[in-house]
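What follows is a short report on a single structure.
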Amino acid sequence: MLIRVIRVKKKLVRKIKYKKGRKVIPSILEYTGIHKTIKTEVQLFVYDNESLDEYKHFTTSDLQQCVDYTKVNWLNIHGLNDIAAIQEIGANFSIDNFILGDILNTTKRTKLDEYNDVLFFNIKSLLPIEDSNIIGVEQISFLLKKGILISFQEKRSDFFVHIRERIRTHAGIVRNKKADYLLYLLLDAIMENFYITIESEEDKVEHLINIAKTSTERTVLEEVEKHRDNYNFLKRSIIPLRDSLYAIKSIKDDEIFNEIDDKNFTFFDRLHQKSLELLEQIEYDLATIDSVSNFYFSTQNHKLNEVMKTLTVVSVFFMPLTFIVGVYGMNFENMPELKWEYGYFIILGLMFMLFVGMAVYFKKKKWY
């Protein structure tokens, strides 16, 4: 069953350009996102099956005093513009600078890196912006080490509210599991946003289909192309996620990183299956978008055919009348009808009867 996260009003954000990412000097840490004014905040959960400690609004220098490696530690960072704080967190947990650089560089595509003692996961969270055809993008990064999971968010959001409540209320099995299971829950919550985004796009496309059946306005085709771009953007976002989730399966067979419990690999396999379902749904929706274009062009062709049929019927009505007028407009001397007293009225009557006869015949044939 899908878990719906609470929607929040989002600011206008630009789409991530995968083909041409911003070049950043590896030795210099620089946040490349757009949330430059958001203050960096740190939140820490330390828990096991028996106890829970929650820390808020503390400085990064207090981390080592709060972390308990005998329990599960979830360190969540909101805001990435405080480079000094990010560097201090990296120093506390022995995180290499090139990993911190990938966390701060939001132009990177979704990726999974496996090292001796750490698993780095970088993912894009997508949600539709209300009253707009633009998709909001936020980069979220995860570092999984022994006994600790660190998540980096560009800004405060409600993606993980239900997970925090499950930890606080000891609901489910999250307090009985290690940090790898928590990583699964967080990734699953982010993937739910893809479902919300696709559902929102489908509702808009369905409305567009109804409009395209009757409207020939050019704006319909423009809207179709916008939604096609959104679906292709979703597809480009999910494909590297699918590959990264598939790569987690290989961790089970190597000896480089062993912080994922063998029993929990099945959860990540579920996420991989979800990514395949999302891609299949997007392919289906892209075909639906094509049908909207077909509706639009069919409506245009039908309207054009109706116009041409009307013009053709009108021309056929006047062709014999024009012929009669042309004959009697030649002004030959030996045309006895010209000297008839009622010749003018007889010809007009003949033309009228011919017009009515053709109209009745065409109507009977259902030509108009």
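The values are calculated or read from the model by the stated rules, or taken from the named source; none is laboratory data. Keep in mind the model is a prediction, meaning the values are calculated, not measured. So basically every Cβ, Gly included, is an ideal-geometry build from the backbone, and we count neighbours across all protein chains shown. Surface accessibility is based on the protein's heavy atoms, side chains included, excluding ligands, DNA and RNA. Shrake-Rupley method; radii C 1.70, N 1.55, O 1.52, S 1.80 Å.
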**OP:** Quickly work out the Asn258-to-Phe98 label distance, labels modelled 7 Å from Cα along the C-beta direction, and quote it in nm with one decimal.
**Re:** 2.5
Subject >> Integer Hz, Karplus 6.51/-1.76/1.60 couplings in order for the stretch 74-85, x for Gly and Pro >> reply: 10, 9, 10, 10, 9, x, 10, 7, 8, 5, 4, 5
Subject >> Of all accessible heavy-atom area on the stretch 55-107, the percent that carbon and sulfur account for (1.4 Å) >> reply: 48
Original post:
Which percent, nearest 5, of DSSP beta bridges in the chain are antiparallel?
Top reply: 85
Subject >> Cα centroid of the stretch 269-294 to Cα centroid of the stretch 195-268, whole Å >> reply: 7
Original post:
With r defined as the distance between the Cβ atoms of Ile83 and His302 and R0 fixed at 45 Å, what FRET efficiency is calculated, to the nearest 0.05?
Top reply: 0.15
Original post:
What is the dipole size for the chain, taken about its Cα centre, with +1 at each Lys and Arg Cβ and -1 at each Asp and Glu Cβ, in debye to the nearest 20?
Top reply: 1020
Original post:
Under 5 Å between amide H atoms, partner at least 5 residues away or on a different chain: which partners does Val118 have, H built in plane at 1.01 Å?
Top reply: none
Original post:
Is the stretch 81-182 rounded, prolate or oblate when judged by the Cα gyration tensor, a ≥ b ≥ c being the square roots of its eigenvalues, rounded requiring a/c under 1.5 and prolate requiring a/b larger than b/c?
Top reply: oblate
Original post:
How large is the dipole of the stretch 53-94 about the Cα centre if only Lys and Arg carry +1 and Asp and Glu carry -1, each at its Cβ, rounded to the nearest 20 debye?
Top reply: 80
Original post:
How high is the FRET efficiency from Thr310 to Ala247, r the C-beta distance, R0 56 Å, rounded to 0.05?
Top reply: 0.35
**OP:** Give the peptides 53-66, 333-346 in descending order of average Cβ contacts within 10 Å, highest first.
**Re:** 53-66, 333-346
Original post:
What distance in nm separates the simple spin-label points at Phe352 and Gln65, each placed 7 Å from Cα in the Cβ direction?
Top reply: 10.8
Subject >> Computed magnitude of the charge dipole of the stretch 25-144 (debye, nearest 20; Cβ of K, R +1, Cβ of D, E -1) >> reply: 440
Original post:
Can you give the percent of C-alpha pairs in the chain whose distance is more than 32 Å?
Top reply: 49
**OP:** Could you pull the Cα extents of the stretch 189-313 along its three principal axes, largest to smallest, in whole Å?
**Re:** 81, 21, 18
Original post:
For the stretch 125-231, which whole percent of the accessible surface, found with a 1.4 angstrom probe, sits on carbon and sulfur atoms?
Top reply: 49
Subject >> Ellipsoid equivalent to the stretch 162-210 - semi-axes via the Cα gyration tensor, in Å >> reply: 34, 11, 6
Subject >> Overall form of the stretch 268-368 per C-alpha gyration tensor (a/c, 1.5; a/b vs b/c) >> reply: prolate
**OP:** Apply the Karplus parameterisation 6.51 cos²θ - 1.76 cosθ + 1.60, with θ equal to phi minus 60°, to every residue of the stretch 59-71 and state each ³J(HN,Hα) to the nearest whole Hz, in sequence, with x for glycine and proline.
**Re:** 8, 5, 5, 8, 4, 5, 6, 8, 6, 10, 6, 7, 10
Original post:
Which of Asn116, Gly101, Pro128 sits farthest toward the positive end of the charge dipole of the stretch 93-166, with +1 on the Cβ of Lys and Arg and -1 on the Cβ of Asp and Glu?
Top reply: Asn116
Subject >> Within the stretch 99-128: backbone nitrogen closer than 18 Å to the Lys204 label point (7 Å, Cα to C-beta) >> reply: 125-128
Original post:
Which whole-Hz ³J(HN,Hα) couplings does the stretch 211-223 yield from phi under the Karplus relation 6.51 cos²θ - 1.76 cosθ + 1.60, θ = phi - 60°, glycine and proline marked x?
Top reply: 6, 5, 5, 10, 9, 10, 5, 5, 4, 4, 5, 5, 5
**OP:** Taking 7 Å along the Cα-to-C-beta vector as the label spot, tell me the Arg168-Lys36 distance in nanometres, rounded to one decimal.
**Re:** 3.5
Subject >> Fully extended contour minus Cα-Cα distance, from Arg156 to Ile211, at 0.36 nm per residue >> reply: 16.0 nm
